Amino acid sequence: MSFTYVLTTDIGKIRLKISDKDASDYHFEDAELTAFLTAEGSVNLASAAALESWAAAYILNADSESIGGYSYAQSISKKMTELATKLRKDDATTPAMEWAELDLLGTDEGDT
C-alpha cells in the first residue's frame, strides 16, 4: 500500500483536487491514481476519473434516511460527479499551449 502527497508531483496534484490527502484515511493508492493518469492523460481528467470511481462506491447507499424524528440526506456521489464534470470541462477548455504569435511564413522576427 502506497500513499504519497507531494504537491510537485502529478499524484499530489490529483490528491489535492479530489481531497484525498489524509495519509491515515486515504481512498486511493498511488498506483490507482497513476492508472487514472495513464488512462486519462492529464491531472484534471485523472482527477475526474478518480472522483467518478469514488462516487460509484456511494451509489448503493441511501440518499436519505429517517430514524424516528431524525432525518438526513446525503448527496456525496452527486457532488463528486458534479466536480468531475467541472474538471472535465476545465480540461477541455484549457489550451494545450500558449500562442504567442503565428509565424505562417516560417521566418524569424529578425529576418527582413
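Structure data summary
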item: Subset of the stretch 7-43 (residues that are free of Cβ contacts under 8 Å to residues at least 12 places away in the same chain and farther than 13 Å from residue 53 by Cβ); result: 7, 8, 9, 12, 16, 19, 22, 24, 25, 38, 41
item: Unmet criterion (only one of (1) touching a helix residue (DSSP H, G or I) at 6+ places or on another chain (Cβ under 6 Å); (2) modelled with pLDDT of 90 or more) for residue 22; result: (1)
item: Hits in the stretch 27-57 - residues which are at pLDDT 95 or above, of a type in the set (A, V, I, L, M, F, W, C) and part of a loop (DSSP other than H, G, I, E, B); result: 28
item: Within the stretch 1-30, considering residues that are over 15 Å from the mean Cα position of the chain (by Cα) and over 23 Å from residue 76 (Cβ atoms), the one surrounded by the most Cβ atoms within 10 Å (Cβ to Cβ); result: 4
item: Within the stretch 58-111, tally of residues that are at pLDDT 70 or above and not in a loop (DSSP other than H, G, I, E, B); result: 21
item: Residues located in the stretch 1-15, provided they are over 19 Å from residue 81 (Cβ atoms), of a type outside the set (S, T, N, Q) and modelled with pLDDT of 95 or more; result: 3, 5, 6, 7, 10, 11, 12, 13
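The values are calculated or read from the model by the stated rules, or taken from the named source; none is laboratory data. Because the structure is a prediction, the values reported are computed rather than measured. Please note: Cβ atoms are built from the backbone with ideal geometry, for glycine as well, and neighbour counts cover all protein chains shown.
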